[in-house]
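Asks: Once you've had a glance at the structure underneath, I'll fire off some questions.
Only the coordinates and a few stated rules stand behind these numbers; no lab work does. What you see is a predicted model, and the numbers here were worked out from it, not measured in a lab. Every residue, glycine as well, gets a Cβ built from its backbone with ideal geometry; the counts of neighbours run over all protein chains shown.
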Amino acid sequence: MNCSRSGSSIPVRNYFLLLLLAVTPALATADETAPARDPKQPINEAYTAKIKKYTTAPVFTSPLVDYLPASKNVPSPDAVLGDVSGAPGILPYAEDVYKYMRLLEKATARVKV
C-alpha cells in the first residue's frame, strides 16, 4: 500500500473512511428496534382495512401510519370526509377538511386549529 499522496490511487484516509462507513450501520442498529404500533392500542378495524386496500405498495406506508387507532372520543376521518383520507378518486372539499380538524380540536387537547 502506497501511503504517499502523489503515488497512491486510494489515500490512507479513504481506507479509514471506508472502514468507518462499513462499521457505522452495525453500531447504529445494535440498540435500535423497528418502529411499530403498541400492540395494546386498539385499532379501527374497518378504517385500517381500507388503508391496506388503498395502499398500492408497502413502500408508501410504514408500521406507524398503516392503521387508525380506535377512539370513543376522537372521530375518524371517514365519519366526516366519507372515506379514508387520500382514498382513490375522492377529493374532499376544503370545508369538510376544516370541519374535521375542528372536530379533532374539540375531541382532544393534542390538536389545535
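Asks: Filter the trypsin sites (Lys or Arg not before Pro) in the stretch 62-113 to those in DSSP coil with at most 15 other Cβ atoms within 10 Å of their Cβ, and list the result.
Replies: Filter output for the stretch 62-113: LYS72, ARG110, LYS112.
Asks: While we're here: On a straight-distance basis, which lysines could pair with LYS112 in a cross-link, Cα separation under 29 angstrom, same-chain partners fewer than 8 positions away excluded?
Replies: Correct list for LYS112: LYS40, LYS50, LYS52, LYS72, LYS99.
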